[in-house]
Ligand code: BG6
């Protein structure tokens, strides 16, 4: 995490340039960086996808997708000069002569040299052929040709790989092998936009830049931890994808984003903030995640699927009625799971994870519940005591709240829970930057801290695979089992109730 390391000139080649993610997230994030002056002066983007567009048509498409993002006309105009387009099918080796030539032209025109970020922003079935074609076309020199001329700053080529990264441990390992056949691990950036969220990064600061939190951040003081990522949206236009082999809340959210959040929350202090040291600690947590046995699954995981419902005055159709979704679908649009991290620090502390679509509120929260005091002094009030809590609002209303007991003013000794709050926007008078902007900036600077190592991904799949296997073999008859606009199926409440606990629903 080297904030001193400025970005060097480079070209970003985005495969999947006409796709939704590129228009919704990547180009806006690059525009944001550009407007803040955080992109290198010599920088260009070459979008590649199959549809035929001229540069100007592509720029127009990007602009039309979200005109409010590019409302500053001058900024847009000068940014758009850096935006180019190439029509080609990256799964076909023949297309690469043209792609390569276009890369050289754009690099020449903008003076970006041989530094290139290849960004795979496409459907996962296209990852492998595209990676292999990049390799076969000799588009990865990784500075080898230049090392003896300038050892300090050889040119580099990096690759950013989006999720879904595989659909089970074997396919993830295979994709890792394919990447390794073309790129060194130091040049592979497996992106998870949750790691770019300010409050997730702030977890490390909270824990390791303060004295007051770390001593109580363990099994001696914590009763359990909850991590929730709830969304109000259903699957909308992504029905066919979401109902496919890489969809479902377990794969789409828990295996990827939530386990990453858990790892940052649970890791030991790294020896330095270098990417390697930070990732080494995270990997240890992934390796310590207890892999459940097949037979344990019904006891520790709950799946849900939304039926028709109401969110405010908006009616939401049932998941099974969504276009592209099998009317008998067994896909989980909601998942809750109890997990353990078998380390000295976390032995016996349950981590409850849940994520769902079409729920009451959009929120990502980490809640740490502390153990009760011995209640020697306030014994008679013990039943009214609420557990001390640290609530980390990852989004929205980014901030941290600490809940503890206080004395009610006046005569007598009455106790009630009170809160202390750090509100990100109020404190910094600014909105947190988008996670993608943070991550793209880091990638251009060559900082892998907030990107996933291959071991993290493979361990994350192993931790959830028994649940996926069990669910596949045992269809659930009561789906859909929660109405859109609610907090999920009753079975998820029972999962905690059987442990004498309850979910903290974001207010
Ligand atoms: C994506 C998932 O990775 O994250 C989506 O594929 C989900 O299904 C999205 O909606 C949520 O991201 P955020 O940043 O809005 O919480």
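The values are calculated or read from the model by the stated rules, or taken from the named source; none is laboratory data. Everything quoted here is computed from the prediction, not taken from an experiment. As a convention, Cβ positions derive from the backbone with ideal geometry for all residues, glycine included, and neighbour counts pool all protein chains shown.
When we screen 267, 289, 253 for residues that are within 30 Å of residue 127 (Cα to Cα), at pLDDT 95 or above and touching a helix residue (DSSP H, G or I) at 6+ places or on another chain (Cβ under 6 Å), the only hit is 289.
When 493, 478 are checked against the criterion of being at pLDDT 95 or above and either under 23 Å from residue 340 (Cβ atoms) or in contact with a strand residue (DSSP E or B) (Cβ under 6 Å, 6 or more places away or on another chain) (or both), a single residue qualifies: 493. Exactly one residue out of 336, 358 is closer than 21 Å to residue 503 by Cβ, touching a residue at least 40 places away in the same chain (Cβ under 8 Å), away from the ligand (no atom under 16 Å from the Cβ) and touching a strand residue (DSSP E or B) at 6+ places or on another chain (Cβ under 8 Å), and it is 336. Counting the residues of region 344-355 that are buried (at least 16 other Cβ atoms within 10 Å of the Cβ) and either in contact with a strand residue (DSSP E or B) (Cβ under 7 Å, 6 or more places away or on another chain) or without any contact (Cβ under 8 Å) to a residue 12 or more places away in the chain (or both) gives 7. Against the list (1) buried (at least 19 other Cβ atoms within 10 Å of the Cβ); (2) away from the ligand (no atom under 16 Å from the Cβ); (3) at pLDDT 95 or above, the condition residue 296 fails is (1).
Inside region 402-437, residues that are within 16 Å of the ligand (Cβ to nearest atom) and surrounded by 13 or more Cβ atoms within 10 Å (Cβ to Cβ) make up a count of 7.
Yes/no per residue for (1) closer than 18 Å to residue 398 by Cβ; (2) away from the ligand (no atom under 14 Å from the Cβ); (3) more than 23 Å from the chain's Cα centre (by Cα):
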| position | (1), (2), (3) |
| --- | --- |
| 204 | yes, yes, no |
| 211 | no, yes, yes |
| 219 | no, yes, yes |
| 230 | yes, no, no |
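The set of residues in region 101-125 being part of a helix (DSSP H, G or I) and surrounded by 17 or more Cβ atoms within 10 Å (Cβ to Cβ) consists of 102, 103, 106, 107, 110, 124.
Across region 245-259, the qualifying residues are those that are within 12 Å of the ligand (Cβ to nearest atom) and out of contact with any strand residue (DSSP E or B) (no Cβ under 7 Å at 6 or more places or on another chain), and the one among them that is farthest from residue 331 (Cα to Cα) is 256. From the list 273, 199, 222, 258, the lone residue that is in contact with a helix residue (DSSP H, G or I) (Cβ under 9 Å, 6 or more places away or on another chain), closer than 30 Å to residue 116 by Cβ and touching a residue at least 12 places away in the same chain (Cβ under 8 Å) is 273. Taking the stated definitions as given, is residue 310 away from the ligand (no atom under 14 Å from the Cβ), in contact with a strand residue (DSSP E or B) (Cβ under 9 Å, 6 or more places away or on another chain) and modelled with pLDDT under 95? The answer is yes for residue 310. Within the option set 468, 479, 450, 440, being crowded, with 17+ Cβ neighbours inside 10 Å and over 22 Å from the mean Cα position of the chain (by Cα) holds for one residue only, 479. With respect to the conditions (1) assigned to a helix (DSSP H, G or I); (2) within 16 Å of the ligand (Cβ to nearest atom); (3) within 21 Å of residue 451 (Cα to Cα), residue 240 falls short on a single one, namely (3).
Considering each residue of region 161-204, count those that are within 23 Å of residue 463 (Cα to Cα), in contact with a strand residue (DSSP E or B) (Cβ under 9 Å, 6 or more places away or on another chain) and assigned to a loop (DSSP other than H, G, I, E, B), and give that number. Qualifying residue count, region 161-204: 5.
Conditions (1) modelled with pLDDT under 95; (2) closer than 19 Å to residue 468 by Cα; (3) away from the ligand (no atom under 13 Å from the Cβ); (4) crowded, with 23+ Cβ neighbours inside 10 Å, marked per residue:
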{"site": "227", "(1), (2), (3), (4)": "no, no, no, yes"}
{"site": "236", "(1), (2), (3), (4)": "yes, no, no, no"}
{"site": "262", "(1), (2), (3), (4)": "no, no, yes, yes"}
{"site": "271", "(1), (2), (3), (4)": "no, no, yes, no"}
